[in-house]
Amino acid sequence: MLKNILLGTAVLAGLSTAALAEDTRIHMINCGDNNGDGIKLQDQLIADWEKANPGFKVDVEFVPWGQCQEKSTTLASAGSPPAVAYMGSRTLKQLAANDLIIPVSMSDAEKATYAAPILATVTANGEQWGLPRAFSTKAYYWSKDLFKAAGLDPETPPKTWDEMYEAAKAIKEKTDADGVGLVAASFDNTMHQFMNYVYTNGGEVINADGEIVFNSPNNVEAMAFYGKLATVSQPGPIAYDRGKLYPLFNEGKIGMFISGPWERKKLTGDWGVAPIPVGPKGTPGTLLITDSLAVFKGSGVEAQALDLAKLLTNPENQMAFELAEGYTPLRDMPEVKGLVAKDATWSAFLDAIPTGGPEPFVTDYVALQDIINEAIQGVVLGEVDAVAAVEEAAERLEDAK
Amino acid sequence: MPKTLKRDLFPYLLLLPAIVITLVIVAWPLVETIRLSFTDASLKPTENYIGFANYEKIFSRRFPEVIARTFYWMALSVALKMLVGTFGAVLLNSAVPGRTLARILVIPPWVIPIAIGVFIWGWMYNGQFGMISGLLQRFEIIGGPLEFLAYRETAFLATIITDVWIGTPMVTIFVLAAMQAVPGDLYEAAWVDGAGRGYRFRRITLPLILPAIATMSLLSAIWTFNSFDIIWILTEGGPRGGTTTMIIDTYKTAISRFKYGEGAARAVMIVCILTAFSGAYFYLISRFAKKGA
């Protein structure tokens, strides 16, 4: 009996010593998989950071895109937040309004490293709530093969919406393909695609004073044009999100579509990429999307998490990460010029940065997305006209801002 | 303690672990959901009691339309499952060659993981690459690719067809078991009296398997009403809310939009409706049990 008690005590003592010696864990949630070349660089930086900060160990958890943001937010609202998480910057305002994340307190020198439109994607109430980690702009891809087959000049992409529609119509009428790849699924990138038309027609969803201005004449035109494109698009755009367009393009089933720089690696055949055609009231534009590292409140290691996030996103490390992953560079650094020299297709994406607009920054992003998507679907299905769709959406968006 | 009291208490002691587990797993979340439904719980760390505001809110928006759609979806799906399932059971109960193989083949839709089965159906509904659209085009029934999940009506039907595909084997097996419990001498006596197949089915089989059909219909109604994965994977409730049922709407509100209070109010409504179904189920069971006795 005594022997058992002594043994038990020894085991307990051993366990408690081990517990005392255990590192403080920093839970980091990363969206996507761990296969990218940039992740290897990130792992190395984390290992270096751990060496420089003894007593702390970073646990990186990779969560698929579909559940990633929801998981971090749910964990935070349940009181066990990750220390740092990869989040779409569009969610930052909601997280900040609910006191779930801390501001990342950028110095003026740090702010100056970003172009103003990029900083705007993480700024709410005068403070920055995330450190930009990934960035994309969009451009217009066209099939030179289908342009030729439709009797169009394959080297001259459309510059205006009217030209874009006429080109799509010609392809639809003169070839077996559909004119344009259009998306209208109940998914975030449907709204993203539509925002490209909003920004190329001088529109906005919410203005600088925080007012909903979705029912502006500019947006009515954008919505009407989206509906018009549905007449020359592949059948049933509601069954498509953006990720389903490039297979259609490669199969020669659509003549053009709008997407980000990542498509360049996937496309086959003879194609070109150019700035997004401009609407009647607009100037060149594109939707700027950033994803950020957000530091959550209540993890107990906020200072360390912020320090780590700043290390990962400082100009030098961030640029290396972007080059490895093939992302659009966040900062205008010397390497960027080299990118264009090496691959001219980058210029359509990089030139668009200064004129781009951010994702609408609201406190209920999912509601915003659902409302705008439903308006788009209504117009694409022909159930409502553009004016009614935009008016109804604007009214409902008041609850989401 | 008197011996009789000890004896009387003993069964309750044995039941205690089950009671505790039930309270923790079922009762506590239910009570918590009801409590949340009277609050403005969201991502905010604090919550306030707001009376019936969440209930008023859900009826002032599109929720009545969602409730009606849910019942329509359920009724259509259950009716089809019962019809196809019973027909399948009749065929499998007949003395036809290959009956055993057919009985085995009826099971896969039920045993394949739902997510995988639904993804396969999702591809089949694809207009450009899917089998259904391809076949319809080949037989010149449609002029071009048809995206079944892109239009309200076709998406609604597509989700029902998938649900019927998954739910029918259970009905078939259940009804088949009931058919095989019908005493063979009843058929022999009817056959001797010159009764034909149709007459025997109407007068013997159907009345005797009716309790099984009624029970299965109710159970199927409960499962179908709460069916989430099929609709979510295929359409996420779209297009334009065309396949949004109560459970999808509740999930979107509570989980996607983090409006826990509003979501809880919707969940409470679902609980009330399913409780009514369960009450009907137990009433039927007890009625059939009495008749049987």
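If you check B:Ala158 against the conditions, is it under 17 Å from B:Ile233 (Cβ atoms), crowded, with 19+ Cβ neighbours inside 10 Å and at pLDDT 95 or above? Judged against the criteria, B:Ala158 is a match.
Per-residue answers, yes or no, for (1) away from chain A (no Cβ under 14 Å); (2) on the phi > 0 side of the Ramachandran plot; (3) aliphatic (A, V, I, L, M):
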residue: B:Leu83; (1), (2), (3): yes, no, yes
residue: B:Leu92; (1), (2), (3): yes, no, yes
residue: B:Thr100; (1), (2), (3): yes, no, no
residue: B:Ile132; (1), (2), (3): no, no, yes
residue: B:Arg138; (1), (2), (3): yes, no, no
residue: B:Gly143; (1), (2), (3): no, no, no
residue: B:Ile166; (1), (2), (3): yes, no, yes
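Only one of these conditions is not met by A:Asp176: (1) assigned to a loop (DSSP other than H, G, I, E, B); (2) surrounded by fewer than 24 Cβ atoms within 10 Å (Cβ to Cβ); (3) more than 13 Å from chain B (Cβ to nearest Cβ). Which number is it? With respect to (1) assigned to a loop (DSSP other than H, G, I, E, B); (2) surrounded by fewer than 24 Cβ atoms within 10 Å (Cβ to Cβ); (3) more than 13 Å from chain B (Cβ to nearest Cβ), A:Asp176 is out only on (3).
The one condition from (1) in contact with a Leu (Cβ under 7 Å, 6 or more places away or on another chain); (2) within 14 Å of another protein chain (Cβ to nearest Cβ); (3) in a helix (DSSP H, G or I) that A:Leu182 does not meet is (3). Per the conditions (1) closer than 27 Å to A:Tyr141 by Cβ; (2) of a type in the set (A, V, I, L, M, F, W, C); (3) surrounded by 17 or more Cβ atoms within 10 Å (Cβ to Cβ); (4) more than 12 Å from chain B (Cβ to nearest Cβ), the sole criterion not satisfied by A:Ala324 is (3). In this entry, B:Ile104 is excluded by the filter for residues that are out of contact with any Phe, Trp or Tyr (no Cβ under 9 Å at 6 or more places or on another chain), away from chain A (no Cβ under 14 Å), exposed (fewer than 14 other Cβ atoms within 10 Å of the Cβ) and closer than 27 Å to A:Gly236 by Cβ.
The set of residues from the stretch B:236-278 being more than 10 Å from chain A (Cβ to nearest Cβ), more than 20 Å from B:Ala68 (Cβ to Cβ) and aliphatic (A, V, I, L, M) comprises B:Ala254, B:Ala264. When the stretch A:63-83 is filtered for residues that are surrounded by 15 or more Cβ atoms within 10 Å (Cβ to Cβ), away from chain B (no Cβ under 14 Å) and at pLDDT below 95, only A:Val63 remains.
Annotation note: Cβ proximity below 7 Å between a residue of the stretch A:232-251 that is more than 8 Å from chain B (Cβ to nearest Cβ) and a residue that is surrounded by 22 or more Cβ atoms within 10 Å (Cβ to Cβ) and among the aromatic types (Phe, Trp, Tyr) (sequence gap 6+ or interchain) occurs for A:Leu245/A:Phe257; A:Phe249/A:Tyr141; A:Phe249/A:Phe257.
Filter the stretch A:335-367 down to the residues that are more than 18 Å from A:Tyr141 (Cβ to Cβ), touching a Lys or Arg at 6+ places or on another chain (Cβ under 8 Å) and touching a residue at least 12 places away in the same chain (Cβ under 8 Å) and list them by number. Of everything in the stretch A:335-367, those that are more than 18 Å from A:Tyr141 (Cβ to Cβ), touching a Lys or Arg at 6+ places or on another chain (Cβ under 8 Å) and touching a residue at least 12 places away in the same chain (Cβ under 8 Å) turn out to be A:Glu359, A:Pro360, A:Phe361, A:Val362, A:Thr363, A:Asp364, A:Tyr365, A:Ala367. Here B:Leu23 fulfils each of the conditions (1) assigned to a helix (DSSP H, G or I); (2) free of Cβ contacts under 8 Å to residues at least 12 places away in the same chain; (3) surrounded by 14 or more Cβ atoms within 10 Å (Cβ to Cβ) apart from (3). Could you count how many residues in the stretch A:351-368 are farther than 13 Å from A:Glu398 by Cα and either among the aliphatic types (A, V, I, L, M) or within 14 Å of another protein chain (Cβ to nearest Cβ) (or both)? So the answer is 3. For the stretch B:46-67, the criterion of being surrounded by 13 or more Cβ atoms within 10 Å (Cβ to Cβ), modelled with pLDDT under 95 and more than 21 Å from A:Asp364 (Cβ to Cβ) is met by at least one residue. Scanning the stretch B:110-130 for residues that are aromatic (Phe, Trp, Tyr), more than 13 Å from chain A (Cβ to nearest Cβ) and surrounded by fewer than 17 Cβ atoms within 10 Å (Cβ to Cβ) yields one hit, B:Phe119. Tell me whether the stretch B:59-66 contains one or more residues that are touching a residue at least 12 places away in the same chain (Cβ under 8 Å), out of contact with any Gly (no Cβ under 7 Å at 6 or more places or on another chain) and either away from chain A (no Cβ under 14 Å) or more than 19 Å from B:Asp249 (Cβ to Cβ) (or both). Yes; the residues of the stretch B:59-66 include at least one that is touching a residue at least 12 places away in the same chain (Cβ under 8 Å), out of contact with any Gly (no Cβ under 7 Å at 6 or more places or on another chain) and either away from chain A (no Cβ under 14 Å) or more than 19 Å from B:Asp249 (Cβ to Cβ) (or both).
What pairs can you find where one residue is in the stretch B:147-162 and within 8 Å of chain A (Cβ to nearest Cβ), the other is among the charged types (D, E, K, R), and their Cβ atoms are less than 7 Å apart, with a gap of 6+ or different chains? From the stretch B:147-162, the pairs are B:Arg152/B:Arg240.
The values are calculated or read from the model by the stated rules, or taken from the named source; none is laboratory data. Not measured: the values here are computed from a predicted model. Neighbour counts are summed over all protein chains in view; Cβ atoms, including those assigned to glycine, are modelled from backbone coordinates with ideal geometry.
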